[in-house]
1. Using the heavy atoms of the protein chains alone and a 1.4 angstrom probe, what is the accessible area of segment 105-198 per residue in square angstrom?
2. Using θ = phi - 60° and the Karplus curve 6.51 cos²θ - 1.76 cosθ + 1.60, what whole-Hz ³J(HN,Hα) does each residue of segment 223-231 get, with Gly and Pro shown as x?
3. Taking a 1.4 Å probe, which of Leu193, Leu86 shows the most accessible area, and what order do the others take after it?
4. Which cross-chain or sequence-distant (5 or more) residues have an amide H under 5 Å from the amide H of Cys211, H modelled 1.01 Å from N in plane?
5. Quick one: with all protein chains in place, what share of the accessible area of segment 167-239 is carbon or sulfur, to the nearest percent (1.4 Å probe)?
6. When the accessible area of segment 86-149 is computed with all protein chains present and a 1.4 Å probe, what percentage of it is carbon and sulfur?
7. What FRET efficiency do you get for Ile104 and Gln220 if R0 is 25 Å and r is their Cβ-Cβ distance, rounded to the nearest 0.05?
8. Karplus couplings for segment 182-195 from phi (6.51 cos²θ - 1.76 cosθ + 1.60, θ = phi - 60°), rounded to Hz, Gly and Pro as x?
Amino acid sequence: MNYTVLIHLFRGKMKTEKRPVRFRVGMISLALLMTTGILKAQERYTVQSTQNSHLLIEHRTTQTPHIIYPPSSIALKTNLLYLATLTPNLALEIGIGKKMTLEIGGGYNFYDPDNQKHWKHWLVQPEFRYWFCERFNGSFLGVHALGGEYNFSRINLPLSVFDDLDAYRYEGHYYGGGLSFGYQWILSKRWNLELSVGAGYVRVHYDKYNCASCGGNIEQGTKNYWGPTRAAVSFLFFL
């Protein structure tokens with residue numbers, strides 16, 4: 001609206017007839033009030049628009065979903081405790097569900113320090129795991145199987161089924177299974193740390209010899225073992 005024209009109109013420049021003084025003053029006051037009201041309305045609209053913009057930005061910010069990368073589904077791992085027995089070992093753990101993984105691992109030891117002592121063996125140990133939180137994070141329960149072959153001679157082996165292993169050589173195969181419990185900590189996007197223990201049953205088939213590399217066996221048989229079947233302090237690397 002052109003208020004200059006309105007003022008001229010009230011002053012009588014656009015009409016030749018004279019208006020009463022009170023009428024002109026009243027009209028001018030009304031025009032000023034209208035102008036003030038319009039300015040205040042514009043100011044309120046500007047403030048409200050700014051507030052709405054901030055609320056919209058805040059709403060959009062709060063509604064923006066946080067990106068959570070899903071746990072990796074494949075990890076390579078090695079057991080440091082098993083490695084401390086001079087047995088190179090490696091395992092592959094694969095996610096098969098939100099709370100389930102399958103581990104397939106094993107080790108091979110070719111340790112033969114002299115002609116009398118032997119600590120040769122190989123082991124395969126698959127395990128199915130159920131995770132209480134999510135795979136590769138927190139605690140889990142596992143069910144594992146195991147099997148392999150061995151050639152032990154004149155060594156002191158803790159928890160052995162052979163009482164005279166320090167004097168004779170035993171050769172054969174074994175198989176069994178058990179239950180395990182463990183926990184994993186997330187160290188970074190690519191690395192985890194795992195602690196786990198397990199116990200179960202192992203059936204051991206053996207041939208007994210007098211010395212490490214001579215003569216025939218002097219005894220054959222089987223033994224049953226109940227006790228620890230798993231102990232691990234492992235580092236995992238996610239592929």
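1. Working: 4990 Å² over 94 residues.
Per residue, segment 105-198 has an accessible area of 53 Å².
2. Karplus-based 3J(HN,Hα) across segment 223-231 equals 9, 10, 10, 10, x, x, 10, 7, 8 Hz.
3. Solvent-accessible surface, decreasing: Leu86, Leu193.
4. Arg169
5. Working: 2410 of 3970 Å².
Solvent-exposed carbon and sulfur of segment 167-239 make up 61 percent of the total.
6. Details: 2200 of 3280 Å².
Carbon-and-sulfur percentage of accessible area, whole number: 67.
7. Rounded to the nearest 0.05, the efficiency is 0.20.
8. Values per residue, Gly and Pro as x: x, 8, 10, 10, 7, 8, 6, 5, 10, 10, 10, 10, 10, 10 Hz.
The values are calculated or read from the model by the stated rules, or taken from the named source; none is laboratory data. This is a predicted model, so every value here is computed, not measured. Don't worry about glycine lacking a Cβ; one is built from the backbone with ideal geometry, like all the others, and counts go over all protein chains shown. Each accessible area value is taken on the protein alone, full model and side chains, heavy atoms only, with ligands, DNA and RNA left out. Shrake-Rupley method; radii C 1.70, N 1.55, O 1.52, S 1.80 Å.
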